[in-house]
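All of the numbers you see were taken from the coordinates with simple rules; none came from a lab. Owing to the predicted nature of the structure, the values given are computational and were not obtained by experimental measurement. Here the Cβ positions follow ideal geometry from the backbone for every residue, glycine too, while neighbour counts run over all protein chains shown.
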Amino acid sequence: MLNALFDKGKKFIVQCYTEKNKAEMISSRLTEIEKEINETGSYTHSMMELEHGAKMAWRNSNKCIGRLFWDTLTVRDKRHLTEAQEIIESLEQHIVEATNKGKIKPMITVFAPQQKGTDQVRIWNHQLVRYAGYETELGIIGDPMSVRFTEVCEELGWEGENGHFDILPLVLQLKDSEPILRDIPKKIIMEVDLEHPENDQFKDLQLKWYALPAISDMSLEIGGIVYSAAPFNGWYMGTEIGARNLADQDRYNMLPKVASIFDLDISRHSFLWKDRALVELNRAVLYSYQKARVSIVDHHTAAEQFKRFERNEKELEREVTGNWSWLIPPISPAATHIFHHNYNDELIMPNFFYQKPPYE
Ligand code: ARG
């Protein structure tokens, strides 16, 4: 067990310090880590290790097309926080700082790691900002993807407003105590009302989405240390909203309504009304975020940025691993170079991992 931890730690320390041009410090740091593991069963990352480790984890995220910017990640070290109140405040602070009035900053906040395989801090939300979903006689209202978690919130005493875009509360669990639930102040959550550059009727659909995509349910593993609460964000790629969240049949399923606004004939698949509706919906997303001055990237630009990432990594003689089926955008995939390449989907450490939901 302890040997396994030391081996993972060693592998990370060697790579980290080599990349940071501090190879001369490796042996003394390893001695230190070995001692700490023998005395306490674990070891503590320095700020430099945590920061570079988190950046490496982003760089190694095979599903992410946005990895060109891995080295610009802002890392907030909140490992010392033990009170629910201060952790909640720190999550709200993350939302404010990362949103940055629309000029989104890629950011991660790292809380205390697991001890002997046990979570010290766990965020139950899938993302810090997410819309509720309610099962009703008339079908689902809101985001179908949130139905289960919304029920959990209600069991914990939260009352939603049964709207299409109700922001879910933060749910935080410390060790094995009862989860704590807290509404996020409305004023710190930036949202964008969707309109279309040409079609005036589009805004009558009353669609919107939030500015900050901040995944909060994955763990970050660096050198054998598991950070079970380490919420991170980048900015949105338009298709995530326009071709998935608002378009998927098992999400907001808006293509029929968009088609109707544009007077598209939906009587035959071969009229390609879904494809045309997708393009208009995605134009509306990009146009509205740009108009609201909220960072967003279209999928063609993102693919070009990914190509630059691949070139940079090649130059540094690091292999780029990737998951093709996630890297290709959901609209016009073959119009990007990614579609025409193969990617090796091998897992490299450090990395981010799915965790079993704590409710269920
Ligand atoms: N696809 C997720 C969503 O639509 C967000 C995943 C992270 N995305 C990002 N651009 N960093 O909410």
C-alpha long axis of helix 47-59 to longest principal axis of the chain, angle in °: 40 degrees
Largest-first principal axis extents, alpha carbons of the range 142-274, Å: 55, 38, 28
For the range 117-186, average projected area of the Cα convex hull in nm²: 5.1 nm²
Nearest 10 degrees, 0 to 90: helix 84-99 Cα axis against the chain principal axis: 60 degrees
Acute angle (nearest 10 degrees) that the helix 2-19 long axis makes with the longest principal axis of the chain, alpha-carbon atoms: 70 degrees
Cα gyration tensor category, rounded, prolate or oblate, for the range 251-332 with a/c compared to 1.5: prolate
Mean Cβ neighbour count within 10 Å, used as a protection proxy, ranking 57-63, 33-39 highest first: 57-63, 33-39
Over 20 Å (Cα to Cα) - which of Lys10/Lys307; Lys187/Lys356; Lys63/Lys187; Lys116/Lys356; Lys22/Lys55 fall in this group: Lys10/Lys307; Lys187/Lys356; Lys63/Lys187
Angstrom value of the Kirkwood radius, inverse mean 1/r, which spans all Cα pairs in the range 253-296: 11.1 Å
Charge tally in the Cβ shell below 14 Å around Glu198, where Lys, Arg are +1 and Asp, Glu are -1, Glu198 excluded: 0
Listed peptides 200-208, 46-54 by packing density, highest first (mean Cβ within 10 Å): 46-54, 200-208
Neighbour net charge for Ile65 - beta-carbon separation under 12 angstrom, K R +1, D E -1: 0
Sequence-separation-based contact order of the chain, relative, with Cα cut under 8 Å and 6+ spacing, percent: 21 percent
Computed helical MRE - 222 nm, the chain, DSSP H runs ≥ 4 contributing -39500 (n - 2.57), nearest 500: -10500 deg cm²/dmol
For the chain, the spread of Cα positions along each principal axis, largest first, Å: 70, 51, 33
